Amino acid sequence: MKTIKFRIYDKQQNKMIESGATPTMLESFFEHTAVLHTKDEMPYQQFTGLLDKQGKDIYEDDVVEYYLPSCTVEDDKIISTVEYYQGMYIAMKVNDGPLSLRDCINISNKLKKGLKIIGNIYE
């Protein structure tokens with residue numbers, strides 16, 4: 001069963017607020033953050049169900065980096081944002097178009113250094 005979790009960025013507190021995964025936690029989260037979502041027009045970010053190489057949850061709007069096996073120089077890392085696109089989560093690479101995030105995770109053991117969250121678009 002897929003874990004359903006959300007988070008939202010609170011501009012006033014300059015931090016992410018996460019929901020937790022139980023029905024009670026989700027209900028409380030949406031009651032608490034509805035004002036933020038409406039007032040600041042901050043979108044909810046959904047958990048993708050995937051983890052990075054360090055075991056951290058990957059959410060929409062996270063910024064991730066990885067190295068392809070052919071990369072030999074540290075500067076050859078690929079930096080992407082995580083987005084929901086046509087029914088799947090993707091790593092949207094600048095100038096290169098989308099790459100399926102699930103494919104990226106599935107091949108992470110073949111990537112030079114694996115997929116790692118380095119931030120999100122808000123912080």
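The values are calculated or read from the model by the stated rules, or taken from the named source; none is laboratory data. Because the structure is predicted, anything quoted here is derived from the model rather than measured. Here the Cβ is made from the backbone with ideal geometry for all residues, glycine too, and neighbour counts use every protein chain on show.
Looking only at the stretch 28-51, count every residue that is over 12 Å from the mean Cα position of the chain (by Cα) and polar (S, T, N, Q) and tell me the total. Show your work before the answer.
Let us first name the residues in the stretch 28-51 that are over 12 Å from the mean Cα position of the chain (by Cα), namely 28-43.
From the residues that got through so far, the ones that are polar (S, T, N, Q) too are 28, 33, 38.
Residues meeting the conditions: 3.
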(message) Just to be sure I understand the filter: pairs with C-beta atoms under 7 Å, separated by 6 or more residues or on different chains, first member in the stretch 7-24 and in the same structural domain as Thr38 (by TED's automatic domain parsing), second member part of a loop (DSSP other than H, G, I, E, B) and exposed (fewer than 11 other Cβ atoms within 10 Å of the Cβ). Which pairs pass?
(response) Ala21/Thr3
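A quick yes/no check of all residues on (1) modelled with pLDDT under 90; (2) surrounded by fewer than 19 Cβ atoms within 10 Å (Cβ to Cβ):
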residue: Gln13; (1), (2): yes, yes
residue: Glu18; (1), (2): no, yes
residue: Leu26; (1), (2): no, yes
residue: Phe29; (1), (2): no, no
residue: His37; (1), (2): yes, yes
residue: Gln45; (1), (2): no, no
residue: Lys56; (1), (2): no, yes
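Restricting attention to the stretch 24-59, which residues are among the aliphatic types (A, V, I, L, M) and not in a strand (DSSP E or B)?
Taking the stretch 24-59 and keeping what is among the aliphatic types (A, V, I, L, M), we get 25-26, 34-36, 42, 50-51, 58.
Selection gives Met25, Leu26, Ala34, Val35, Leu36, Met42.
Please indicate, with yes or no, whether at least one residue in the stretch 7-23 is farther than 21 Å from Ile78 by Cβ and assigned to a helix (DSSP H, G or I).
Keep residues of the stretch 7-23 that are farther than 21 Å from Ile78 by Cβ, which gives 7-23.
Among the residues that remain, those that are also assigned to a helix (DSSP H, G or I) are: 23.
Yes - at least one qualifying residue is present in the stretch 7-23.
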(message) Only one of Tyr84, Tyr66, Tyr89 is in contact with a Ser or Thr (Cβ under 6 Å, 6 or more places away or on another chain), modelled with pLDDT under 85, surrounded by 11 or more Cβ atoms within 10 Å (Cβ to Cβ) and among the hydroxyl-bearing types (Ser, Thr, Tyr). Can you tell me which?
(response) Tyr89
